[in-house]
Amino acid sequence: MQGTTLKGKTALVTGSTSGIGLGMARILAAQGSNIVFNGFGDAQEIAKLQADVAQKFDVKTTYHNADMSKPAEIEAMMRAAAEQFGGVDILINNAGIQHVANIEDFPVEKWNAIIAINLTSAFHTTRLVLPNMKAKNWGRIINIASVHGLVGSAQKSAYVAAKHGIVGFTKVTALETAHSGVTCNAICPGWVLTPLVQKQVDARAAQENISIETAKKNLVAEKQPSGEFVTPEQLGALAVFLCSDAASQVRGAAWNMDGGWVAQ
Ligand code: NAD
């Protein structure tokens, strides 16, 4: 899906060096948006990825290595984006981590990191982009929540708490911007086969002494009636729709794309 619907816009996608964020960055660039990449990874690979996207879609790209658990680094990234592109028009709060354990065994530092990265970072990016979006009377904030923003799963206490939190934060952001050209919505994916989920597949294969392929199938079948993974490209297409004029009255939604997970 290539076009010019976002030409001249700048999108900042947190956690865009991998998985869903990278898919989002690519699809927004394919619509003509400049991209601010963020996330961890090998510096050379990130530079290559940035150059590939810039060349393939004829857009400008930049990268900031802000650690999304550190407010001062988030502030530096938002300042750099504003200096380079005159502000961020599309903010995709996507960076996230997972840890799986029962509550009584859940490491306190993992709880704090998940809340900081999956929830609090979105408060910081949002508070820092809103003045410019409001001044331009146009903006799109898309929070990558999860089906875990709508329902729970055992052993994912911090993740489920953070994702329910971000769905609530989405609603408040949408209400505070309701009289403007700025919208805020959440996308709630089911299983997407990214490095974050691959770790859970590998753990399951080891625990149950089954092949990776069987572990993958079992993992999806357990929760997702379609039996198929959602793809980053499908999620990106939904984000492009949410950026369009047709979606200007979609406000405060938590839109699941989950193969039927929360319909059960
Ligand atoms: P991923 O592990 O492939 O990518 C995560 C990205 O976040 C990477 O770019 C990583 O470098 C970055 N990141 C992690 N910690 C960071 C930090 N402290 N500072 C800056 N960047 C950091 O994972 P993914 O599956 O693509 O997940 C992306 C988002 O989608 C997450 O918020 C996740 O909760 C959500 N999500 C994923 C699934 C799924 O099935 N994969 C389902 C629902 C929601």
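The values are calculated or read from the model by the stated rules, or taken from the named source; none is laboratory data. In this text, all values refer to a predicted model and were calculated from it rather than measured experimentally. All Cβ positions, glycine included, derive from the backbone under ideal geometry; neighbour counts span all protein chains shown. When the accessible area is computed, the model is the full protein with side chains, heavy atoms only, and any ligands, DNA or RNA have been set aside. Shrake-Rupley method; radii C 1.70, N 1.55, O 1.52, S 1.80 Å.
The phi-based Karplus calculation (6.51 cos²θ - 1.76 cosθ + 1.60; θ = phi - 60°) puts the 3J(HN,Hα) values of region 14-29 at 6, x, 9, 8, 7, x, 5, x, 5, x, 4, 4, 4, 6, 6, 5 Hz, whole numbers, x for Gly and Pro. Ordered from largest to smallest accessible area (heavy atoms of protein chains, 1.4 Å probe), the residues 261, 255 come out as 255, 261. Shown in residue order for region 137-151 are the 3J(HN,Hα) couplings computed by the Karplus curve 6.51 cos²θ - 1.76 cosθ + 1.60 at θ = phi - 60°: 6, 7, x, 9, 10, 10, 9, 7, 8, 4, 4, 6, x, 10, 9 Hz (x for Gly and Pro).
Placing +1 on the Cβ of every Lys and Arg and -1 on the Cβ of every Asp and Glu, with nothing else charged, gives region 178-222 a dipole about its Cα centre of roughly 60 debye.
Calculate what fraction, in whole %, of the accessible area of the chain sits on carbon and sulfur atoms when a 1.4 Å probe is rolled over the protein chains. The partial results should precede the final answer.
Values: 6540 of 12030 Å².
The value for the chain is 54 percent carbon and sulfur by accessible area.
How would 163, 110, 7 line up by accessible area, probe 1.4 Å, largest first?
From most exposed to least exposed: 7, 110, 163.
Relative to the longest principal axis of the Cα atoms of the chain, helix 71-85 runs at roughly 40 degrees. A cut-off under 13 angstrom between Cβ atoms defines the neighbours of residue 202, and their net charge, with Lys, Arg +1 and Asp, Glu -1, is +1.
Sorting 239-247, 35-43, 92-100, 173-181 by their mean Cβ neighbour count within 10 Å, with the most densely packed peptide first, gives 92-100, 35-43, 239-247, 173-181.
Give me the net charge for the shell around residue 169: Cβ to Cβ below 15 angstrom, other residues only, Lys and Arg +1, Asp and Glu -1.
Working: positive: 127, 163, 171, 251; negative: 176.
Within the 15 Å Cβ shell, the charges total +3.
Per residue, how much accessible surface does region 1-92 expose to a 1.4 Å probe? Answer in Å², no decimals. Don't skip to the end; give the middle numbers.
Values: 4130 Å² over 92 residues.
For region 1-92, the per-residue accessible area is 45 Å².
Note on region 44-78 and region 125-148: Cα centroid distance 18 Å, given to the nearest whole angstrom. Each helix, a run of at least 4 DSSP H residues, gives -39500 (n - 2.57); summed and divided by the residues of the chain, these come to -15000 deg cm²/dmol at 222 nm.
Accessible surface computed residue by residue for region 105-264, with neighbouring protein chains in place and a 1.4 Å probe, gives 45 Å² per residue.
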